[in-house]
Amino acid sequence: MSEEIWIGGVGAMLLAEGLPLREALDVTDPGGWTAFDLGVRGHVPPALLPARSGRGRLRRVQQLTESELALALCHPDGRIREAALDRAGDHPELLPLVVIRSADWAEPVRERARRLLEERLDAAGAVTLAALVLRLGRRKHGGYAVRLLGELLRHAPGGLLEPLYADADRAVRRFALRLAVAEGLLSPAELARVAARDGDIVVQRLCADAALAAVVRGGAYDDVLPELLGARNTQARAAGVTALRAAGRPEAAAGFLADRSALVRACARYVVRQGGDDPLAWYRERCARPQDVPAGAVIGLAECGQRTDAALLWPLLGHPEARVRARAVAGLRMLDVADAARLRPLLDDPAPGVVRETVLALLPSAAALPEAWLAQRLEAGRPRHQRVAAFRLLGARGGLVRLRAAVALVDDTDLKLRLRARQSVRGWRPEADVRFGDPAVGELLDRARHLFSDAYYFGQLRRAAGLPY
C-alpha cells in the first residue's frame, strides 16, 4: 500500500467519525482526493458508511451532511454513488469527487457525474481542478473530463490561465501552455520567457519553438533572442543560438562555441559554419593560449577536431583550473589518444571531476596499470574520490585482482564503498585467468564468508574455483 493511499484511508476514517471535510482532508491536493476515494472503500467499515434502502436508493439523502455525502460519493455500492450525485451539486466543495465519479467504472454513475459537471463546472472551477482532471485523464474513462477542461479553458479569459503557466504540477503547465500556443494566447516574448525559466524540458522545447515560429512570421527577434540566449537551461539556449542564423546574426554564435552544454556548442558550430567561419580554427586558437582558455573550448576542440589536435590538449592537463583539466582528459578520450602512462598521475588529482574523467579514459587500459600502485589508493587515508577511482579500475581488471580489491573493502568505514565491495564479492565468479584451485582465491573467499548467508551457494562458488568445501 502506498503512503498516499494510507493517508487517504486515515482521512476517510476521520470523516466517518464526524470530522469536517476541510479538517480531515487536504482539499488542495489532487492526490489527496483520489487517495480518499480509494481509502473509503479500503479502510472504512461498512457500518460507518451511508446505507441504502431495499430498492438501492440512498437513505436520508436530503439529510446527509457534507461529510456523509463525501463518503457516499465514494461508496463501494454504485447505486449509492449515483444517488449521492443528486445532492453533490449543492456542495461546491465536493466537486472534485464529482470529477472522480465522471471516470467511474459504472456507466450510470459516470454519466450522471458528467451531466453534473456540464451544469456546475465553469472556467474558474476548471482552473482549480485542472491537476485532478489531468491525473484522472490517465484512467480508462478519464478522457471526458480532460476534453471538458480543454473546452472551458479554451474560451476562458486569458488572465484566468496565468496561474496554470507556473503551476507546480508539470502536467498542468504542459496542458495550459499547449493550449496557449494553439490559441495564440501568449506573445513570442512571453513564450520565450517561459522557455527560459521553466525547469521542464517539454515546456522548454514547446515554448521556445513556438516563440521562434512566431518571430519567423513577424521578424521581431529582439523580443525573443535575449531571453533564450540568456536562459540557464540548455534547450532554450540551443534554440536561441540556432535562431541567430535566421535572424541574420551568425557571428553572435561564436560566443557560444565554448558553452557548458554540448548541445549548445553543436548548434553554435552549425551557425558559425553557415555564416562562413570555421569553428575548428576558433577552438585551436583558444586552446593554444592556455592562460585564458575556457573549459568549453577544450572539449569543443575534441568534438570537431582531429587526432593531431591532441597536441593542444596534453599541455592543458596541468592547467590550474580543474574544469579545464577535466575537459582536457575528456577530449583526449574522445579523440582516442588516451595514454595510460601520461594520464595515470591524474588519478591523484585533488579535483573529483578530473579523477572521474581520468577513470573513464583509463578503463579500456586498466590491465596496464600496476595493481600494487592502485591498491595503495584504496587506503583509508586517501581522499574518497581517489579510493573510488582505484576500486573501479581494479574491478575492471576482473579475476583475482577484482576479488582482492573487493575483499579489502568489505569492512570499510565508508558506507558506499563498503556496499560496493560487498556487492562485488557476492557477484564474483572465477574467470579464465584465475588458476583452478588457487589457494589465494580460497583465502579471500574465506575472509568474505560472512557475506554469504547461503552455505550451499558458497560451497558451489568454492567448487567452481576448484577449491574444497
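Read-outs: derived from the displayed coordinates by stated rules, not from any lab. What you see is a predicted model; the values in this text were computed from it and never measured. Reconstructed Cβ throughout: ideal geometry from the backbone, glycine too, with neighbour counts over all protein chains shown.
Structure above, values below:
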| read-out | value |
| --- | --- |
| Mean residue ellipticity (222 nm) of the chain, computed from DSSP H runs ≥ 4 via -39,500 (n - 2.57), nearest 500 | -18500 deg cm²/dmol |
| Mean Cα-pair separation over length for the range 186-277, i.e. relative contact order, pairs under 8 Å, 6 or more apart, % | 24 |
| Taking 283, 270 and counting other C-beta atoms within 10 Å, the order from fewest to most | 270, 283 |
| Estimated dipole of the chain in Debye, rounded to 20 [Cβ of Lys and Arg +1, of Asp and Glu -1, Cα centre] | 1300 |
| The chain: relative contact order as a whole-number percent, Cα under 8 Å and 6+ apart | 5 |
| The range 186-277 shape via C-alpha gyration tensor axes, a/c threshold 1.5 | oblate |
| Entry for semi-axes √(5λ) of the Cα gyration tensor in Å (calculated from the structure that is shown) out of (1) 44, 24, 19; (2) 35, 29, 22; (3) 57, 41, 15 | (3) |
| The range 127-171 shape via C-alpha gyration tensor axes, a/c threshold 1.5 | oblate |
| Relative contact order for the range 288-360, counting Cα pairs under 8 Å that sit 6 or more residues apart, in percent | 30 |
